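Peer 1: Structure in structure tokens, see below.
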Amino acid sequence: MLKITLLTLVGACGLGAQVRFDVKAIDTSANPCTDFYQYACGTWLKNNPIPPDQASWGRFNELAERNRETLHQILEEAAKPVAGRDADTQKIGDYYAACMDEKALDAKGLAPLQPELDRIQNLSNKSQLAEQIAHMHRIGISGLFDFSSGQDFKDSSLVVAQLDQSGLGMPDRDYYLKDDPKSVELREKYVAHVQRMFELAGEKPDEAKAHAATVMRLETELAKGSLDLVSRRDPEKIYHPMKRAELAALTPAFPWRQYFTSTQSPGFDTVVVSWPDFFKTVNAQIQSAPLDDWKVYLKWHALHSQAPVLPTAFLKENFDFYGKTLSGTQQMRPRWKRCVDFTDHQLGEALGKKYVERTFGAEGKERTLKMVHALETAMGQGIEKLSWMTPATKKEALIKLHAITNKIGYPEKWRDYSSVTIKRDDAMGNAFRADEFEFQRQLDKIGKPVDRLEWSMTPPTVNAYYDPQMNNINFPAGILQPPFFDKGMDDAVNFGGIGMVIGHELTHGFDDQGRQFDDKGNLRDWWTEVDAREFEQRAACIADQYSSFTVAPGVHINGKLTLGENTADNGGARIGLMALLNTIGNDQKKVDGFTPEQRFFLSFGQVWCSNEREESLRLQVQTDPHSPPKFRVNGVVQNMPEFQKAFSCKVGQPMVKNPACRVW
Ligand SMILES: [Zn+2]
């Protein structure tokens, strides 16, 4: 349930550029002590405007784009319908070919979805809703709530059934509830979008308008019952194990037995409910809203979820709201880029296996491991030297640190997709069958031992994550390349890049969320009372610091939503630098005129160079636990005396926070 990532990257693309650390990216007219981000990235920012089909454009995107180009080549080859393709090649090739066949999709119109729409239309009784929703969940159409499996917070060796809030068409509950002019305007545009989707599906304007209002009313009720994003970061708040009988008593209007049976879930006695109040809301709405309203709601979610494989008119309407209005993107990405991403999303390990064969050798794994060890050593030294922590808690922290395992590159054991049928002429059917496979795969885990070898990111992904319940850090092959890791560069550059990323993930084990889990991944308090208080005080300093940053007129970062990520950025940079200094000792050789410390910070800063649209920043600040790139850089260096020494910054300058915030 909790996967803490390095960043949230949405649809990246553009021209494949040379992505390396580059002193030419520096804006030499800027003062590093006034705005270090501008200094490290200024010339890059000027020379790399946002492409019209992007919401933002940064160095992460450049790398993601290069990986996507590799996947593109693999898929174009796999899609050639020659005899003798192996099973995985047939699946990814035909999935991609079906997705690419825009003409066929346009010609089919709504026909591939029609059986699903008929199924909804033919409901004659509210008692059939449970079975219908289960059917939709199986084939990947979300609605009302989520059902899946996950490790139990308090016994990480168990996989349990989990129920979570869901069912909204906008990105978060707050979009339904806030009453500032911008939010009101977005809601009006959302309702207009829902109406147009219904019209495209053949409804008359009046009818579509009334139906859009029904969707908005039901979703607003669900939003009111939902827990907010900041509260959802607290594991205790989203952990409510219930016996089946208790769940039935909580929501008597919803026949859970029927729902669970229809999902084809294995049997279980206990289910972990994230937020019981949400399910009370579901219950009340099931009771009060008429069946016809539910049909409208389910129809909307069927159209919405399948828009990517519907005819072009639906695709354009979908982009208009979710791309243009919500993130400011001007143009839809070329079809092949979207189809590469869908293949990665639905058949990720079949495609990823081919990607790894092409790009990643055992050598890459070994060098990364060496850096992981250097970072772990630095983190251990950091914990031992902490002035605010008592020996009892330090001992526990070191036990947890030493128990962290790491996965690098790609899975040891690849996922078996042999039961998924992929047809060359059935894009929507492929999407349903791939989602059904994944839904069943998740449910089949209930009651079984945890699979510690499983990955929750695909190999070409430019990202990384810490999993507090596994107590492991994970680095897909996709990120182990320049500008993060570059065998042609000096240690300072690599420790500022991938070293900082490794440090970031390790620190997640000890941020406000991660610290609540122990070495075995169980939610257990291993802190003395006084140390917990000291931690909270230091974390509050970081929350306040980031809350003071303004990203757009009147829009501030939410320091509490981004606390874990900001803590990880600060800790990651600090131990990244320690690991560098441990590695190079007294060797202060300058490269390109910069000391190793200066190059470390420049490399760290340049990883985050990114141009952002205002709409995209507004969306990010409301929904993303990561701070926008500029503040991921400046927020960190403001807190580091090592930075200030490296660039001779003085108290009173903007990049010197006095007193500085420091947790780890
Ligand atoms: Zn992170």
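The values are calculated or read from the model by the stated rules, or taken from the named source; none is laboratory data. Being a predicted model, the structure only gives us computed values, none of them experimental. Every residue, glycine as well, gets a Cβ built from its backbone with ideal geometry; the counts of neighbours run over all protein chains shown. Each accessible area value is taken on the protein alone, full model and side chains, heavy atoms only, with ligands, DNA and RNA left out. Shrake-Rupley method; radii C 1.70, N 1.55, O 1.52, S 1.80 Å.
Peer 1: For region 216-230, does any single residue satisfy the condition of being among the polar types (S, T, N, Q), at pLDDT 95 or above and buried (at least 20 other Cβ atoms within 10 Å of the Cβ)? Explain how you work it out, then say what you get.
Peer 2: Taking region 216-230 as the starting set, the residues that turn out to be among the polar types (S, T, N, Q) are 220, 226.
The next check asks that each one be at pLDDT 95 or above; those that pass are 220, 226.
This time we only want the ones that are buried (at least 20 other Cβ atoms within 10 Å of the Cβ), so: 226.
Among the residues of region 216-230, at least one is among the polar types (S, T, N, Q), at pLDDT 95 or above and buried (at least 20 other Cβ atoms within 10 Å of the Cβ), which makes the answer yes.
Peer 1: Report, by residue number, each residue of region 558-569 that is out of contact with any Leu (no Cβ under 9 Å at 6 or more places or on another chain) and either open to solvent by 10 Å² or more (accessible area, probe 1.4 Å) or within 11 Å of the ligand (Cβ to nearest atom) (or both).
Peer 2: Let us first name the residues in region 558-569 that are out of contact with any Leu (no Cβ under 9 Å at 6 or more places or on another chain), namely 559-560, 562-564, 566-567, 569.
Correct list: Lys560, Thr562, Leu563, Gly564, Asn566, Thr567, Asp569.
Peer 1: I would also like to ask the following. Could you tell me whether region 415-426 includes any residue that is assigned to a helix (DSSP H, G or I) and over 21 Å from the mean Cα position of the chain (by Cα)? First the steps, then the outcome.
Peer 2: Here is the first cut: in region 415-426, the ones assigned to a helix (DSSP H, G or I) are none.
Looking through region 415-426, none of the residues is assigned to a helix (DSSP H, G or I) and over 21 Å from the mean Cα position of the chain (by Cα).
Peer 1: Scan Thr377, Thr343, Thr329, Thr368 and give me the residue that is of a type in the set (Ser, Thr, Tyr) and in a loop (DSSP other than H, G, I, E, B).
Peer 2: Working: Thr377 fails: in a loop (DSSP other than H, G, I, E, B); Thr343 fails: in a loop (DSSP other than H, G, I, E, B); Thr368 fails: in a loop (DSSP other than H, G, I, E, B).
Residue meeting the stated conditions: Thr329.
Peer 1: How do the helices (runs of 4 or more DSSP H) wholly within region 482-563 filter down when requiring 1 or more residues that are more than 23 Å from the chain's Cα centre (by Cα): which remain?
Peer 2: Details: elements: 491-494, 500-508, 529-547.
Counting at least 1 such residues, we get 491-494, 529-547.
Peer 1: Of the numbered conditions (1) touching a helix residue (DSSP H, G or I) at 6+ places or on another chain (Cβ under 8 Å); (2) within 17 Å of Gln622 (Cα to Cα); (3) open to solvent by 10 Å² or more (accessible area, probe 1.4 Å); (4) assigned to a loop (DSSP other than H, G, I, E, B), Gly169 fails exactly one; give the number of that condition.
Peer 2: Failing condition for Gly169: (3).
Peer 1: Of the conditions (1) assigned to a helix (DSSP H, G or I); (2) open to solvent by 20 Å² or more (accessible area, probe 1.4 Å), Ala64 fails just one. Which one is it?
Peer 2: (2)
Peer 1: Sort out which residues of region 264-284 are open to solvent by less than 20 Å² (accessible area, probe 1.4 Å) and more than 28 Å from the chain's Cα centre (by Cα), and write them in order of number.
Peer 2: If the condition is that a residue be open to solvent by less than 20 Å² (accessible area, probe 1.4 Å) and more than 28 Å from the chain's Cα centre (by Cα), then Asn283 is the only one that fits.
Peer 1: Can you confirm whether Phe475 is part of a loop (DSSP other than H, G, I, E, B), hydrophobic (A, V, I, L, M, F, W, C) and within 14 Å of the ligand (Cβ to nearest atom)? Give the steps one after another, and end with the answer.
Peer 2: Working: part of a loop (DSSP other than H, G, I, E, B): no; hydrophobic (A, V, I, L, M, F, W, C): yes; within 14 Å of the ligand (Cβ to nearest atom): yes.
Spelling it out, it is not the case that Phe475 is part of a loop (DSSP other than H, G, I, E, B), hydrophobic (A, V, I, L, M, F, W, C) and within 14 Å of the ligand (Cβ to nearest atom).
Peer 1: Report whether or not Glu384 is exposed (fewer than 14 other Cβ atoms within 10 Å of the Cβ) and of a type in the set (Asp, Glu). Walk me through it before giving the result.
Peer 2: Details: exposed (fewer than 14 other Cβ atoms within 10 Å of the Cβ): yes; of a type in the set (Asp, Glu): yes.
Against the criterion (exposed (fewer than 14 other Cβ atoms within 10 Å of the Cβ) and of a type in the set (Asp, Glu)), Glu384 qualifies.
Peer 1: Would you pick out the residues in region 414-443 that are open to solvent by less than 50 Å² (accessible area, probe 1.4 Å) and under 22 Å from Ala104 (Cβ atoms)?
Peer 2: Within region 414-443, Val420, Ile422, Asp426, Ala427, Met428, Gly429, Asn430, Ala431, Phe432, Ala434, Asp435 qualify.
Peer 1: Let me ask something else about it. Arg119: at pLDDT 95 or above, of a type outside the set (A, V, I, L, M) and either open to solvent by less than 60 Å² (accessible area, probe 1.4 Å) or within 16 Å of the ligand (Cβ to nearest atom) (or both), yes or no? If you could, list the steps in order and put the result at the bottom.
Peer 2: On the way: at pLDDT 95 or above: yes; of a type outside the set (A, V, I, L, M): yes; either open to solvent by less than 60 Å² (accessible area, probe 1.4 Å) or within 16 Å of the ligand (Cβ to nearest atom) (or both): no.
So Arg119 does not fit the description; no.
Residue-wise test of (1) part of a loop (DSSP other than H, G, I, E, B); (2) over 22 Å from Asp234 (Cβ atoms); (3) in contact with a Phe, Trp or Tyr (Cβ under 6 Å, 6 or more places away or on another chain).
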residue: Ala249; (1), (2), (3): no, yes, no
residue: Ala253; (1), (2), (3): yes, yes, no
residue: Arg257; (1), (2), (3): no, yes, no
residue: Phe268; (1), (2), (3): yes, yes, no
residue: Val271; (1), (2), (3): no, no, no
residue: Ala284; (1), (2), (3): no, yes, no
residue: Trp294; (1), (2), (3): no, yes, no
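Peer 1: Another question about this same structure. Any residue in region 444-458 that is surrounded by 17 or more Cβ atoms within 10 Å (Cβ to Cβ) and part of a helix (DSSP H, G or I)?
Peer 2: Within region 444-458, not a single residue is surrounded by 17 or more Cβ atoms within 10 Å (Cβ to Cβ) and part of a helix (DSSP H, G or I).
Peer 1: Follow-up question, since we're still on this one. Need the failing condition index for Ile575 against (1) closer than 25 Å to Gly488 by Cα; (2) in contact with a Leu (Cβ under 9 Å, 6 or more places away or on another chain); (3) more than 16 Å from the ligand (Cβ to nearest atom), just the number.
Peer 2: The number of the failed condition is (3).
Peer 1: Which count do you get for residues in region 80-116 that are surrounded by fewer than 22 Cβ atoms within 10 Å (Cβ to Cβ), of a type outside the set (S, T, N, Q) and without any contact (Cβ under 8 Å) to a residue 60 or more places away in the chain?
Peer 2: Total satisfying the criteria: 10.
Peer 1: Residue pairs, Cβ under 6 Å, 6 or more apart or interchain, first in region 280-307 and touching a residue at least 60 places away in the same chain (Cβ under 8 Å), second open to solvent by 20 Å² or more (accessible area, probe 1.4 Å) and assigned to a helix (DSSP H, G or I). List them.
Peer 2: Every condition considered, the pairs that remain are Gln285/Glu221; Leu291/Lys126; Asp293/Thr214; Val296/His211; Val296/Thr214; Ala302/Glu116; Ala307/Asn318.
Peer 1: I'd like the full set of residues that are in a loop (DSSP other than H, G, I, E, B) and either under 31 Å from the mean Cα position of the chain (by Cα) or surrounded by fewer than 18 Cβ atoms within 10 Å (Cβ to Cβ) (or both), limited to region 387-408.
Peer 2: First, pick out the residues of region 387-408 that are in a loop (DSSP other than H, G, I, E, B): 387-390, 404.
Residues satisfying the conditions are Ser387, Trp388, Thr390, Ile404.
Matching residues to (1) within 16 Å of the ligand (Cβ to nearest atom); (2) in a loop (DSSP other than H, G, I, E, B); (3) at pLDDT below 95; (4) hydroxyl-bearing (Ser, Thr, Tyr):
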residue	(1), (2), (3), (4)
Leu2	yes, yes, yes, no
Ala17	no, yes, yes, no
Lys46	no, no, no, no
Thr70	no, no, no, yes
Ile92	no, no, no, no
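Peer 1: Please verify whether region 545-552 includes one or more residues that are open to solvent by less than 20 Å² (accessible area, probe 1.4 Å) and within 15 Å of the ligand (Cβ to nearest atom).
Peer 2: yes
For (1) in contact with a strand residue (DSSP E or B) (Cβ under 9 Å, 6 or more places away or on another chain); (2) open to solvent by 10 Å² or more (accessible area, probe 1.4 Å); (3) polar (S, T, N, Q), each residue gets a yes or a no:
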| site | (1), (2), (3) |
| --- | --- |
| Tyr466 | yes, no, no |
| Asn472 | yes, no, yes |
| Pro476 | yes, no, no |
| Ile502 | yes, no, no |
| Phe510 | no, no, no |
| Gln513 | yes, yes, yes |
| Gly521 | yes, no, no |
| Ala532 | no, yes, no |
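Peer 1: Right, something else. So the check is Cβ under 9 Å with 6+ separation or different chains; which pairs have a first residue in region 613-626 that's of a type in the set (Val, Ile, Thr) and within 16 Å of the ligand (Cβ to nearest atom) and a second one that's open to solvent by 40 Å² or more (accessible area, probe 1.4 Å) and not in a helix (DSSP H, G or I)?
Peer 2: As it stands, the answer is Thr623/Thr8; Thr623/Pro171; Thr623/Leu229, since those pairs meet every condition given.
Peer 1: Then there is this: In region 634-650, is there at least one residue being touching an Asp or Glu at 6+ places or on another chain (Cβ under 7 Å), buried (at least 24 other Cβ atoms within 10 Å of the Cβ) and among the charged types (D, E, K, R)?
Peer 2: No, region 634-650 contains no residue that is touching an Asp or Glu at 6+ places or on another chain (Cβ under 7 Å), buried (at least 24 other Cβ atoms within 10 Å of the Cβ) and among the charged types (D, E, K, R).
Peer 1: Return the only residue of Phe535, Phe485, Phe517, Phe495 being touching a helix residue (DSSP H, G or I) at 6+ places or on another chain (Cβ under 8 Å) and within 16 Å of the ligand (Cβ to nearest atom).
Peer 2: On the way: Phe535 fails: within 16 Å of the ligand (Cβ to nearest atom); Phe485 fails: within 16 Å of the ligand (Cβ to nearest atom); Phe495 fails: within 16 Å of the ligand (Cβ to nearest atom).
Just a single option satisfies the conditions, and that option is Phe517.
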